[in-house]
Structures are given as C-alpha cells and as structure tokens.
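The values are calculated or read from the model by the stated rules, or taken from the named source; none is laboratory data. What you see is a predicted model, and the numbers here were worked out from it, not measured in a lab. Heads up, the Cβs are rebuilt from the backbone with ideal geometry, glycines too, and the neighbour counts pull from every protein chain shown. The protein model used for the area step is the full one, side chains on, heavy atoms only, and it has no ligands, DNA or RNA in it. Shrake-Rupley method; radii C 1.70, N 1.55, O 1.52, S 1.80 Å.
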Amino acid sequence: MDILIYEHFLGEDYKDQLSPLILNEAKLIINTIIKDLSLEYSDSKISLLLNKKNKNLIDCCNCLYRNYHNDVITDISNKIKKNDKVLVLAPEENLIMYDLIKSIEDKQISHLNSSSSFISKSTNKFELNVLLQNSKKYLIKTYKNYEKIRTNNRVVAKIFDGIGAENLFIFKNRYDLEKNKHKLTKFHIFQEYIKGEIIGINIVVKNNKVFILSINEQIYKHSSDHEIFLCKINIGKYNYMLDKFKIFVENILSNLNDSFGFIGIDAILTDDQEIIFLEINPRLTTSYVGLRESLGINPFAFLHKNISSFNIANNKLITLSITK
C-alpha cells in the first residue's frame, strides 16, 4: 500500500497570487505530514500530487505533477494503484473538501480523511449549530441577520464555510458594523463576541474511539481594525484541563455519528472556565505541525496501530509560529 497526498492550495493552478499566509501554512503542514507518513508507513511510498511550480516549496522526493487536462479526481485515479490510500487536505469553503472526498468515495478509492458525510455536516457553521442538539449549553447563538444582536454588543462576522480567520471581522457594536458594511458578503453569519482564550483541540477518531491529542492556545493578532490572523499556537498549553475538554469533545461529537481520522475543534475558554463551541475542522489543521514533537510519538500511529489508551499529561509544551 502506497499513500498519495493532495493539498489543494499547492496542487491547483491559481491564476491570482495566493496569500503568503495560506502558502506558508500549506508548506508547513505538508512537509510535516510527508515526514510523519514516511516514518509510520516505512514500507510504503509516500507521494505528493502538486502544481509543478510549487515543487521548491516542499521537501518531497516523490512529487507527482498535476495534469490540468484532467480534473483532480481523474488525476488521482490515474496515479494510484488498486490498494493505495489517498490523503486530501482542502478547505471546506465552497464545498471543495466535501466534493473531493465524495468523488473519491464514489470511485471506491480508500482514503485517510473523515467521511464525506461528516464533512458535509460540519462544513456549514450555521447549519451545524442546528445539528448540535445535544450540545446547546456550549453554543453561541448564531444569526444570519446581525440586527438580532443587541445594538451595543461587539459582533463577530464570519463566512459560514470559511477557513480560519479569513474574512472574519470583529466590530465594536452595530454602528461600527454598519459603517463598515461594505466588507460583508451574503455568506457572512453573525455571533455576539465572547471574551476568552481561543482553544484548538487536536483529535483523532478510530473505531468510534476518540483520542484527544492536544489542547492548544491559538494566538491571534490584528491585521487591521476589524481583521485578525493566526500568528502562534501554544501546543499543549491546556492539556491539564483534559477531563473538562474530554466531556466537551465527546458531547459535540455525539451529535455526529460518523467521525473518523484527524479532526480539529475550536472553542473559547472564558474567564469563568466555561467552554464555548466555535467550529469543527474535519481535517488536519495547522497545529498538526508541532504534534509529533509534543506527543513524543507519531500522530499517524493512532490510525495505523491499535492504541488502546493515551494520556496527554506528559506532552511537551511547543510554541509554533505560523508567520515567518
């Protein structure tokens, strides 16, 4: 069995220049994944399907180049053998991730991703909050109309299927929002701003068993008056709160019965130590880059081997800078 990796931003032929932040994150995570897969699946050939112009960004001996005469699924099908597996990294935005995995499943290609069903349920942040019937105590009220939020409250506006903090805006109040309404699109949804630390939880699910690998602090900075970007992740900072976060994670996932593989859940930890759900990332997230160093074991071992128990108490605290 060999493994073919496809990363959307490195693999497609974008006519416009991609954000340096997006390219840097893609490069960081892919280089780490290639190394980890090569170590864990030492008898397998690990290949990367990418745009030839991006070959110098990646530490990979086995690069395969996209044939743009074919769609990406046809290209993947042509480049793998019968028993090979595929690992896809792509944004949920515009159903890109869902469409890729659904097409792979329709072609009966084996993959290392969450199921298309799970991706479908977790992609739309507005609809997901409706699905989380068992988790109402953790939810922020989410609106399609910002006028439902009280006039003087701070407002978060984000794309319903957006990635990270891209096109996410924080407004001081409704007046501030309406003064900057030109920044918003029909795809934005709205939540009241809640003060607290932003938490990212690394999770892997196999055979219905949920392993929390790390509970991280995500540090954001302002790029403008209303926009923020992820600049640093303190991996493992909140591991000491495992018991509390385990209850939270299992409660959230109890609403979605088909999870598998690497999943990220983002949340707010308030000053009162309450956990507020933000979103599910049905894929490997950027914090994966520091996981092996923090865990002391290869994260892919959780998919490849039968690990019955795992305790994150001894994980090392690792600081991961996202920007150069």
Roughly how many debye, to the nearest 20, is the charge dipole of the chain about its Cα centre, given +1 on each Lys and Arg Cβ, -1 on each Asp and Glu Cβ, and no other charges?
200
Could you state the accessible area per residue of segment 1-113 in Å², with a 1.4 Å probe and every protein chain left in place?
50
Residue-wise, which Karplus ³J(HN,Hα) couplings in Hz belong to segment 312-321, taking 6.51 cos²θ - 1.76 cosθ + 1.60, θ = phi - 60°, and x for glycine or proline?
8, 4, 9, 4, 7, 7, 10, 9, 10, 8
Taking the Cα of K186, stepping 7 Å toward and past its beta carbon, and measuring to each backbone N in segment 115-158: which are under 19 Å?
124-127, 143-147, 158
With all protein chains in place and a 1.4 Å probe, E227 shows an accessible area in Å² (nearest 10) of 60
Give me the percent relative contact order of segment 213-324, please, defined on Cα pairs under 8 angstrom at least 6 residues apart.
31
Compute the helix-to-body angle for 242-253: its Cα long axis versus the longest principal axis of the chain, expressed 0 to 90° and rounded to tens.
80
To make sure I understand the rule: partners must be lysines, Cα under 22 Å from the Cα of K107, and not fewer than 8 residues away in the same chain. Which ones qualify?
K45, K79, K81, K82, K85, K121
Between F229, I34, S47, whose Cα lies farthest towards the positive end of the dipole of the chain when Lys and Arg beta carbons carry +1 and Asp and Glu beta carbons carry -1, centred on the Cα centre?
F229
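Keeping the other protein chains in place, figure out the carbon and sulfur percent of the accessible area of segment 75-147, with a 1.4 Å probe.
In segment 75-147, the share of accessible area belonging to carbon and sulfur is 46 percent.
Strictly over 25 Å apart at the Cα level, which of K137/K305; K148/K237; K125/K246; K141/K232 would you flag in this model?
Cα-Cα > 25 Å for K137/K305; K148/K237; K141/K232; rest within.
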Among I201, G11, L168, which residue has its Cα furthest toward the positive end of the charge dipole of the chain, with +1 on Lys/Arg Cβ and -1 on Asp/Glu Cβ?
L168
Separation between Cα centres of segment 3-52 and segment 133-180, rounded to whole Å
33
Of 142-155, 210-223, ordering from highest average Cβ density within 10 Å down gives 210-223, 142-155
What is the percent carbon and sulfur in the accessible area of segment 201-282, measuring with a 1.4 Å probe over the protein chains and ignoring ligands?
45
At the level of C-alpha centres, the distance separating segment 90-109 and segment 229-248, in angstrom, is 29
Any idea which of T74, L95, L177 is furthest toward the positive side of the dipole for segment 65-203, if Lys and Arg beta-carbons carry +1 and Asp and Glu beta-carbons -1?
L177
How far, in degrees from 0 to 90, does helix 20-40 lean away from the longest principal axis of the Cα atoms of the chain, to the nearest 10?
50
Suppose we keep just the DSSP beta bridges with both residues in the chain; what percent of those would be antiparallel, to 5?
75
Testing the spin-label approximation: label points 7 Å from Cα along Cα→Cβ at N207 and S110. State their distance in nm.
1.6
Under the 7 Å Cα-to-Cβ spin-label approximation, Y220 and N257 lie apart by a distance in nanometres of 3.4
Whole number in Å², please: accessible area per residue of segment 184-324, 1.4 Å probe, ligands, DNA and RNA not counted.
45
Round to the nearest 10 and give me the degree value, 0 to 90, for the angle of helix 96-106's Cα axis relative to the longest principal axis of the chain.
40
Any aspartates and glutamates whose Cα falls less than 19 Å from that of K35, other than same-chain ones fewer than 8 residues away, would be D2, E7, E25, D43, D59, D84, E293
Length released on extending from T319 to N56, taking residue separation times 0.36 nm less the Cα-Cα span
92.1 nm
Using just the helices of the chain, give the 222 nm mean residue ellipticity in deg cm²/dmol: DSSP H runs with n ≥ 4 each add -39,500 (n - 2.57), and the total is spread over all residues, rounded to 500.
-7000 deg cm²/dmol
Counting only C-alpha contacts under 8 Å and six or more residues apart, can you give the relative contact order of the chain as a whole percent?
17
Say each of I228 and S19 gets a label point 7 Å from the Cα, pointing the same way as Cα to Cβ; how far apart are those two points in nm?
1.4
